[in-house]
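Structure first, then comments.
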2 protein chains.
Amino acid sequence: MEKARDMLIEAAVNLGESLGLNRAVCQIYALLYLSNAPLSPTEIGKTLEMSKGNVSINLRTLEQWNAVRKVWKKGYGRPLYTANENIEEIIFDKLKTGMEKRLNYVKPIMKQVRKDGDKKLSSKNEKFFIRVNKIEKLIEKIEFFLRNFETIRTIAK
Amino acid sequence: MEKARDMLIEAAVNLGESLGLNRAVCQIYALLYLSNAPLSPTEIGKTLEMSKGNVSINLRTLEQWNAVRKVWKKGYGRPLYTANENIEEIIFDKLKTGMEKRLNYVKPIMKQVRKDGDKKLSSKNEKFFIRVNKIEKLIEKIEFFLRNFETIRTIAK
DNA sequence: TCCTTTGTTTAATATGTTTTAAACTATTTT
DNA sequence: AAAATAGTTTAAAACATATTAAACAAAGGA
């Protein structure tokens, strides 16, 4: 059954690329997702033939994304790790957080551009501001989408 | 007005990062999007202070994405370039094409795993296959989403 | 036609990211 | 408490990507 597992792990790596994720995070997450029981960093490293440093770094990343969480086994003082099985939630939360951060950087710029432009609006600049308006509309649309995604998803299926 | 333009170009670079796009594609697309008239590669290179080789390579990429198209000015044998203003369409088409390619790689693997598994289903493996099922459900959901995105988008606003 | 300008291709350089190795810290076992 | 095992951190290496410079090809103007 390990062959099947390894094939699926490779598939996860492939899919992860499309989200800009590195090999190690995908491998670790997929392994934990497919495991019957929580695993220790050492076990993860051995199974994936990956240095313990790499395991450590990427486990932390996965924890920050809420993609993985610690599990405490009694009588054993170190944490094991298990996957958050709700993949949809993980992807969406990450997308949402990332997008919001970017938009918060962009929005003040848009405001500034608009303010400067209102002062001196020549016909040559008109087209420029039509496009600025279009971008602002698009940003609103994205924000609407992020706010209402849960609802949309429910309607969709 | 060039200051405003440059600020918006920087904003585009920032947003592009979240989609895994490189600096040059974002800059070139944004410049063309905000320009009143089509531009030549030389003009683009000068404005963005970028080597002509880089302009050439990334213009081709943008053309392949349908993000930019050639415009022929009569009496002039070289093409100028202009932006496809439908940003939403560009992003979605790219997402769709990319996702479909990945899923077509993953789906045969899923089938293979399921086939191998049906032969010898022990209770230890049961949990494993429950998770395989979950992934298949998720893939179906993504495919549904890609097929029906246009519709969903219309409903959403 | 020849010279100049513009655009493409490719090899090299520069930049950024991922992974490892090794030094360090913390925990467990004896 | 000492030795062994496990985990973290960091500096270096391996690897990947983006950018440029320069050689080449195509087009425009003299």
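Condition check for residue A:39 on (1) farther than 30 Å from residue B:94 by Cβ; (2) crowded, with 20+ Cβ neighbours inside 10 Å; (3) near DNA strand C (Cβ under 10 Å from one of its atoms): one failure, at (3). Of all residues in the range B:71-86, those satisfying the criterion of being outside any loop (DSSP other than H, G, I, E, B) and either open to solvent by 100 Å² or more (accessible area, probe 1.4 Å) or β-branched (Val, Ile, Thr) (or both) are B:71, B:72, B:82.
Taking the range A:87-108 only, how many residues are surrounded by fewer than 16 Cβ atoms within 10 Å (Cβ to Cβ) and within 28 Å of residue B:30 (Cβ to Cβ)? I'd like the intermediate steps shown before the answer.
The first filter runs over the range A:87-108 and keeps only residues surrounded by fewer than 16 Cβ atoms within 10 Å (Cβ to Cβ), leaving A:88-89, A:91-93, A:95-98, A:100-101, A:104-105, A:107-108.
From what's left, within 28 Å of residue B:30 (Cβ to Cβ): A:91-92, A:95-98, A:100-101, A:104-105, A:107-108.
Here the count works out to 12.
Taking the conditions (1) more than 14 Å from every other protein chain (Cβ to nearest Cβ); (2) in contact with a Cys (Cβ under 8 Å, 6 or more places away or on another chain) in turn, residue A:46 satisfies each one other than (2). Only one entry in B:18, B:56, B:40 is more than 9 Å from every other protein chain (Cβ to nearest Cβ), without any contact (Cβ under 8 Å) to a residue 24 or more places away in the chain and not basic (Lys, Arg), namely B:56.
The values are calculated or read from the model by the stated rules, or taken from the named source; none is laboratory data. Since the structure is predicted, the reported quantities are computational estimates derived from the model, not experimental observations. With ideal geometry, Cβ positions are generated from the backbone for all residues, glycine too; neighbour counts draw on all protein chains shown. When the accessible area is computed, the model is the full protein with side chains, heavy atoms only, and any ligands, DNA or RNA have been set aside. Shrake-Rupley method; radii C 1.70, N 1.55, O 1.52, S 1.80 Å.
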